[in-house]
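Just below is one structure, and these are the notes that go with it.
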Amino acid sequence: MRSTLAAFGRSLAQGFWLGWQIESNWARPWLFALYTLIKPLAGTLLLVFMFAAAAHATGVEQPGLLAFAFVGNALYMLVGAVSQGMTTAIVQDRESYGMLRYVRVSPVVFEGWLIGRGLASGLKAAIGAVWTLAFGLLLPFGLAELLSPTRIDWVALVLALALGVPLLVGLGLVLAAAALNMARHGAFLGEGVGSALYLLSGAIFPLAILPGALQGVATFLPPTLWLETLRRAILHRPGPGPLEAWPAGTLWLALAAASAALLALGWWLFRVSDRRARRGGRYDLTTGF
């Protein structure tokens, strides 16, 4: 058991190192830091100015709703980054570099290596998210007071982030399992699912504005529960919608259960997909990517 965990840890570290080098493109640290800040900040500022334009047109300012969207948009970067990093690793390493077959037969734990690739992408997104939230303290739209570090429940925030790691890894494994037996179009799978969850998880739109049927589905999506937990830790207020009435204990239990269930489902699906890919020669697949 100990040797198995050690092998998994080494494989994860190797995948993380390789993924980080690819994500940073071997750039100088200062240049990579600048790029990591500018890219997410541009999209976030677009959202902020949209709220500012709406407030100017209506004469009604809602800093609480702006903070809800600002925090959700910044933190959602992690959801798409991990899953996209894992699916991209499958498709690019198989079809662009022709190396996936060699990784699969090498003495590494393949799942650990793949998770490391996804976590490297997630770390890059986390840096952008932290810098984006810090930049919110400088914006003159009432965000400085709501995002003040002295108001954040740091214990709840760290615990929520820890529970979110298996959730993101599980989602990444589910999508990577699908990409493993798909053609080059699997590269867009993570992006497509991420866009759908961006709408349904309440990242920028409160669940209360969704149609009734979608509200029921969106309420129990694992990313929805995770973002709600993070928002409560940072803003000390629930988001408008069905989860508003949930007590903190219920939300934490639901998040823990969803994270464990999604990780178990992702691990099982990836194992099944891996066997199918080996039998069908998918590791040697090239489709002109």
Is it possible to state the helix-based mean residue ellipticity at 222 nm for the chain, with each DSSP H run of 4+ residues giving -39500 (n - 2.57), the sum divided by total residues, to the nearest 500 deg cm²/dmol? What is it?
-25000 deg cm²/dmol
To the nearest 0.05, how large is the calculated FRET efficiency for Ile38 and Arg237 if R₀ is 30 Å and r is the Cβ-Cβ distance?
0.50
For Val105 and Leu31, what is the calculated FRET efficiency with R₀ set at 35 Å and r taken between the beta-carbons, to the nearest 0.05?
0.45
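Please work out the ratio of the alpha-carbon Rg of the chain to 2.2 N^0.38 Å and round it to two decimals.
Relative to the rule-of-thumb radius for its length, the chain sits at 1.05.
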Answer with one residue from Pro166, Phe110, Leu253: the one whose Cα lies farthest towards the positive end of the charge dipole of the range 7-284, charges on Cβ with Lys, Arg +1 and Asp, Glu -1.
Phe110
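With Cβ to Cβ distances under 14 Å as the rule, what net charge do the other residues near Tyr35 carry (K, R +1; D, E -1)?
Numbers: positive: Arg28, Lys39, Lys124; negative: Glu23.
Summing Lys and Arg as +1 and Asp and Glu as -1 gives +2.
Let me have the relative contact order for the range 178-289, percent, based on Cα pairs under 8 Å that are six or more residues apart.
Values: 79 pairs, mean separation 36.7, N = 112.
Once divided by the residue count of the range 178-289, the mean separation gives 33 percent.
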Under the 0.36 nm per residue contour assumption, what length would be gained going from the current alpha-carbon distance of Ala261 and Leu47 to full extension?
73.7 nm
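When Met86, Met182, Met50 are ordered from fewest to most other Cβ atoms inside 10 Å of their Cβ, what list results?
Working: Met86 32, Met182 19, Met50 13.
Taking fewest neighbouring Cβ atoms as first place, the list is Met50, Met182, Met86.
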I'd like the FRET efficiency for Leu199 and Arg279, computed as 1/(1 + (r/R0)^6) with the beta carbon distance as r and R0 of 41 Å, rounded to 0.05.
0.65
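Where a number appears in this text, it was derived from the coordinates with a stated rule and is not lab data. As the structure is a computational prediction, the values presented were derived from the model and not from experiment. So basically every Cβ, Gly included, is an ideal-geometry build from the backbone, and we count neighbours across all protein chains shown.
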